[in-house]
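Below: the structure, in structure tokens.
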Amino acid sequence: MRGILVLLGLIILAAVVLMSVGMLKINTDNGTMPTVAFDVQGGKLPTVTTGSVDLTTTNKTVSVPTVEMKNTTVTLPTIEVKQAGNTTEKK
């Protein structure tokens, strides 16, 4: 909830700054909403011409790489962690 309020506050602050430097102008002239007319008839779907898609399978021979597993010796890094305050060393 706090995150949303912070985001809303930043948006409002950005709008105020943009308006103060003249980069954002909001015109509040009275106007009319555009009219929209739909020519539909109830219960009928529009007629649409579509293409077709065919999905088939074919058998082909392709080369596939194989993975061979073998054991080999490699040098790996090791990490030794010593606790702080434990400074006594054996001689």
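Computed from the coordinates by the stated procedures, all read-outs in this text should not be read as laboratory data. Here the structure is a predicted model, which means the values were calculated and not measured.
Segment Thr72..Leu45, full-extension length gain: 2.9 nm, with 0.36 nm per residue of separation and the alpha-carbon distance subtracted.
For the chain, the alpha-carbon coordinates run over 93, 64, 28 Å along the three principal axes, in decreasing order.
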